[in-house]
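See structure below.
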């Protein structure tokens, strides 16, 4: 794998070269919400923003056609949806979002029952990760096993004072650099040391939460009062699940009529009443606190139990987009207090940084970050 | 198994026969059109299939026929939602989409030589009927069979056309009951748990299978415990809102297990060890 330096002035040239060969999606400021959009030649992405919506939908499509069908005299013709994703690059994705795909891969790349369409998009995509050189007030990646400079994706890059340190992490990533070698120069040991230092600085600026382990959290299941209190103000609007890079629940719906139509899978939310309502009316999660319990325990107990990793990347979008300022960190801290359980403790707790960071100066780019409802 | 490369895409099956069981339950006998797909569809008793009415949607339905019935698959479907309403308008020659089989099914291999106590209520007989007919077709592999089945009224009893055949099977004790009889009813009257207590099956070398409405299951479990059945001897098959049936869409979990993929069959011992919404 190669490690190179890309002068900031060459970023546009690199992007243009990639745009010529692939569909390139990158952070773009939009009306109301910033998101990942397809960029054109000469267009500089908003490299310093944290997008309001995650790049999840580029691979796990918000709406995906599973099949189309038509009744004809010989029977029913079923044409499966496309399983070959378009070759694309997700550029400027943050380490947390990049990590989110490695988590969603676990259920979707099931050896027996793979979700082929997700796999198609995933295999056709290359992720160019941009390490964070500052943390938002809502960031907590270091508490769930990530890091602001985590090397994840196919290419990893970090802005080190006017130039980018760029490292390929996979063969797919190496191609993206090698095809444009003239734009890059060799990286020195000093460059790598500078990147390491920045990463450590950002990580140390972030408050560290301890999280109770999967078993201890599952033990909270029957503490109804805990969940009811936690969910008091929740509106069941589902915003948290739609902006979550790791939420992957979906619904399946048919469009058209019984002679001709399509079947789609689309994002769903466990926060909705209808989510668990069975035909006949039985609903095991009819109350919103039961649905909140499902969402929290799926991420922090069931998924880790099954796959070994917490299904949360600490991006903080659910905190920023909640209309009633529900803060996931309250659950994490509250549950630890209630269970009295041994924390997972990914790293040693940092002393007195909590206060400092929650009131840290917000850089101009962070001003777009909405703090719950404000 | 449906083609492993197209997990959510069903294959086509044709209804060869359809008939009413009760005013709101209809049984469909279907055959998968594609020969290779039909040969690949090898179910165990207690497994489920995802049936489609294209344009209306998909529903997860238990396969009520035993794998020993190789001519067709049987599904007995209660009319209670968008897809099943539509299914009730369908008949011989019409086509379903089908994918599966899914789920774990009953661990029948480990039940060889054991006595089976099958307790069903209403349409809840459908999933356990696959075991009953499997055991009848492999009669020497199992010990005594006790069936306790009930419905609200005589007209709500399903599989009435099977009773005569079942009644003639050696070592099979059949107890059919209704909550409320009518002029023509001469059989037992009483709730399933009440009749179960009367029958009082022995827990020795036995497995109790139960499926039915939640309220029935609640009392059946209590009664079985009183009769000294251990939680490991009590087996049930769960129902819940399932959409994808492959453990992905998220909703049918009991703790970290999915009804559609890790279930629907659980022993009471397994359920006791799980925290979940039922």
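Give the residues of region A:107-145 that are within 11 Å of chain B (Cβ to nearest Cβ) and touching a residue at least 40 places away in the same chain (Cβ under 8 Å), sorted by residue number.
Result: A:107, A:108, A:117, A:118.
In this structure, is residue A:280 at the interface with another protein chain (Cβ under 8 Å from one of its Cβ atoms), touching a strand residue (DSSP E or B) at 6+ places or on another chain (Cβ under 6 Å) and either part of a loop (DSSP other than H, G, I, E, B) or at pLDDT 95 or above (or both)? Let's see the steps before the verdict.
Values: at the interface with another protein chain (Cβ under 8 Å from one of its Cβ atoms): yes; touching a strand residue (DSSP E or B) at 6+ places or on another chain (Cβ under 6 Å): no; either part of a loop (DSSP other than H, G, I, E, B) or at pLDDT 95 or above (or both): yes.
So residue A:280 fails the test.
Can you name every one of the helices (runs of 4 or more DSSP H) wholly within region A:293-363 that holds 1 or more residues which are within 30 Å of residue B:258 (Cβ to Cβ) and modelled with pLDDT of 80 or more?
Working: elements: A:303-307, A:317-321, A:328-339, A:353-358.
Passing ranges, in order: A:303-307, A:317-321, A:328-339.
Go through region B:1-51 and report how many residues are within 13 Å of chain A (Cβ to nearest Cβ) and either at positive phi or assigned to a loop (DSSP other than H, G, I, E, B) (or both).
Within region B:1-51, residues that are within 13 Å of chain A (Cβ to nearest Cβ) and either at positive phi or assigned to a loop (DSSP other than H, G, I, E, B) (or both) number 13.
Could you list all residues from region A:84-93 that are touching a helix residue (DSSP H, G or I) at 6+ places or on another chain (Cβ under 6 Å) and either modelled with pLDDT of 95 or more or at the interface with chain B (Cβ under 10 Å from one of its Cβ atoms) (or both)?
Selection gives A:89, A:90, A:93.
Looking at (1) more than 26 Å from the chain's Cα centre (by Cα); (2) surrounded by fewer than 20 Cβ atoms within 10 Å (Cβ to Cβ), which is the only condition residue A:170 fails?
(1)
For every residue, the table says whether it meets (1) in the same structural domain as residue B:72 (by TED's automatic domain parsing); (2) buried (at least 22 other Cβ atoms within 10 Å of the Cβ); (3) more than 19 Å from residue B:78 (Cα to Cα).
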residue: B:16; (1), (2), (3): yes, no, no
residue: B:19; (1), (2), (3): yes, no, no
residue: B:24; (1), (2), (3): yes, no, no
residue: B:27; (1), (2), (3): yes, no, no
residue: B:31; (1), (2), (3): yes, no, yes
residue: B:36; (1), (2), (3): yes, no, yes
residue: B:44; (1), (2), (3): yes, no, yes
residue: B:50; (1), (2), (3): yes, yes, no
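When the residues of region B:52-89 are narrowed to those that are within 14 Å of chain A (Cβ to nearest Cβ) and part of a loop (DSSP other than H, G, I, E, B), which ends up surrounded by the most Cβ atoms within 10 Å (Cβ to Cβ)?
The selected residue is B:54.
Restricting attention to region A:248-273, which residues are touching a residue at least 60 places away in the same chain (Cβ under 8 Å), surrounded by 22 or more Cβ atoms within 10 Å (Cβ to Cβ) and assigned to a loop (DSSP other than H, G, I, E, B)?
Hit for region A:248-273 is A:248, nothing else.
Quick one: which strands (runs of 3 or more DSSP E) lie wholly within region B:95-163 and hold at least 2 residues that are in contact with a helix residue (DSSP H, G or I) (Cβ under 6 Å, 6 or more places away or on another chain), at pLDDT 95 or above and surrounded by 24 or more Cβ atoms within 10 Å (Cβ to Cβ)? Steps first, answer last, please.
Numbers: elements: B:95-102, B:115-121, B:145-151.
Here the list reads B:115-121, B:145-151.
Among the residues of region B:94-134, count how many are without any contact (Cβ under 8 Å) to a residue 60 or more places away in the chain and more than 21 Å from residue B:170 (Cβ to Cβ).
Adding up the residues that qualify gives 2.
Name the residues in region A:52-80 that are in contact (Cβ under 8 Å) with a residue 40 or more places away in the chain and either out of contact with any strand residue (DSSP E or B) (no Cβ under 9 Å at 6 or more places or on another chain) or in a loop (DSSP other than H, G, I, E, B) (or both), would you?
A:52, A:53, A:54, A:59, A:60, A:61, A:62
Counting only residues that are away from chain B (no Cβ under 14 Å) and over 23 Å from residue A:151 (Cβ atoms), which one in region A:208-230 is surrounded by the fewest Cβ atoms within 10 Å (Cβ to Cβ)?
Looking only at region A:208-230, we keep the residues that are away from chain B (no Cβ under 14 Å), and these are A:208-212, A:225, A:228-230.
From the residues that got through so far, the ones that are over 23 Å from residue A:151 (Cβ atoms) too are A:210, A:212, A:225, A:228-230.
Details: A:210: 15, A:212: 25, A:225: 9, A:228: 15, A:229: 11, A:230: 20.
Taking the candidates together, the pick is A:225.
For region A:51-73, which positions are at the interface with chain B (Cβ under 10 Å from one of its Cβ atoms) and out of contact with any helix residue (DSSP H, G or I) (no Cβ under 7 Å at 6 or more places or on another chain)? I'd like the intermediate steps shown before the answer.
So in region A:51-73, the residues at the interface with chain B (Cβ under 10 Å from one of its Cβ atoms) come out as A:64, A:66-71.
Across region A:51-73, the qualifying residues are A:66, A:67, A:68, A:69, A:70, A:71.
The values are calculated or read from the model by the stated rules, or taken from the named source; none is laboratory data. Just so it is clear, the structure is predicted and the values come from calculations on it, not from any experiment. Cβ sites come from the backbone with ideal geometry, for glycine too, and all protein chains shown count toward neighbours.
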